[in-house]
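Each remark here refers to the structure printed beneath this line.
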Amino acid sequence: AQVTSAEFVKSSKRKEDCPADGLPEFALVGRSNVGKSSLLNSIVRRKKLALTSKKPGKTQCINHFKINDSWFLVDLPGYGYAAAPHEVRVDWDGFTKDYFLNRKTLVSVFLLIDASIPAKKIDLDYASWLGKNQIPMTMVFTKCDKRKKRKNGGKRPEENVEDFQVLIREFFDAAPPWIMTSSITNQGRDEMLLHMAQLRNY
Ligand code: GTP
Ligand code: MG
């Protein structure tokens with residue numbers, strides 16, 4: 001599974017405006033600043049295809065990127081961005097959840113979780129919502145290159161990943177698949193591509 005072409009197609013605010021060509025797609029969701037856009041760039045080996053920022057709240061729409069002319073990677077706004085006005089957060093939350101619930105060509109949601117810090121309630125709540133609504137999902141842990149720091153609870157990424165999986169077990173009938181990644185070292189890139197190829201071929 002290799003990426004031979006990747007192009008930005010369009011930004012939409014409603015699922016009705018999303019591309020209608022029926023190609024399968026995978027959506028990246030997670031807390032603002034968790035590394036969604038960076039992971040997309042790592043997967044396609046392009047530094048600036050999706051715009052990234054040190055400041056949270058960079059991605060504000062449903063952004064479709066066409067890969068190998070045959071499927072989409074979809075970059076979404078993050079949740080939990082405290083600095084955005086309340087109405088804006090409600091709007092993002094509304095259109096992303098509507099998209100998850102109603103987008104027919106969505107094969108799987110990738111829920112990104114920062115592996116360098118202990119589990120956050122907002123992430124557990126999001127996993128719970130996806131589980132409750134039976135939306136197919138894969139856990140993708142980001143920033144696995146970051147070493148432990150005392151202020152981060154002093155745990156290694158591997159330990160945070162294990163803790164998170166224990167905490168979400170009750171939300172799912174079957175434990176979701178999971179992948180550890182880093183956009184700095186490109187850890188997990190091949191695994192992500194293989195996983196998506198397998199899901200598309202079901
Ligand atoms: P929003 O669009 O605001 O929701 O954020 P996002 O989830 O798209 O995050 P983005 O990719 O813009 O990255 C946020 C910050 O985290 C940037 O400063 C990145 O350089 C950094 N970052 C992203 N991925 C990694 C990673 O794997 N390792 C490390 N160490 N930093 C990362
Ligand atoms: Mg982004």
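Read-outs throughout are calculated quantities, based only on the coordinates presented, and are distinct from any laboratory measurement. A quick note: this is a predicted structure, and the numbers were derived from the prediction, not measured. Cβ sites come from the backbone with ideal geometry, for glycine too, and all protein chains shown count toward neighbours.
Expressed in nm to one decimal, what extension gain is obtained for the pair ARG156 and ASP17 from 0.36 nm per residue of sequence separation less their Cα-Cα distance? Could you put the intermediate results ahead of the total?
Details: separation 139, 0.36 × 139 = 50.04 nm, distance 4.15 nm.
Computed gain between ARG156 and ASP17 is 45.9 nm.
Hey, rough spin-label estimate for HIS86 and ASP173, points 7 angstrom out along Cα→Cβ, what's it come to in nanometres?
Spacing of the two 7 Å Cα→Cβ label points: 3.9 nm.
What distance in nm separates the two pseudo spin-label positions at THR185 and LYS55, each 7 Å out from Cα along the beta-carbon direction?
3.2 nm
Any chance you could get the radius of gyration and Dmax over the Cα atoms of the range 99-202, in Å?
When restricted to the Cα atoms of the range 99-202, Rg and Dmax are 14.1, 44 Å.
Round to a whole angstrom and tell me the spacing of the C-alpha centers of the range 1-57 and the range 107-151.
17 Å
Note the full-extension length gain between GLN134 and ILE122 as 0.36 nm times their separation in residues minus their Cα-Cα distance, in nm to one decimal.
Between GLN134 and ILE122, full extension yields 2.5 nm more.
Against the 2.2 N^0.38 Å scaling, with N counting residues, where does the range 32-185 land? I'd like the Cα-based Rg ratio to two decimal places.
1.02
All other residues with a Cβ under 13 Å from the Cβ of PHE8 taken together, and with Lys, Arg as +1 and Asp, Glu as -1, what is their net charge? Spell out each step's value before the answer.
Working: positive: LYS10, ARG46, LYS48, LYS66; negative: GLU7, ASP75.
Residues near PHE8 contribute +2 overall.
Once you order the gyration tensor axes a ≥ b ≥ c over the Cα atoms, which shape class does the range 1-64 get: rounded for a/c under 1.5, otherwise prolate or oblate by comparing a/b with b/c?
oblate
From the helices alone, meaning DSSP H stretches of at least four residues, give me the mean residue ellipticity at 222 nm for the chain, per-run term -39500 (n - 2.57), in deg cm²/dmol to the nearest 500.
Counting only the DSSP helices, I get -9500 deg cm²/dmol.
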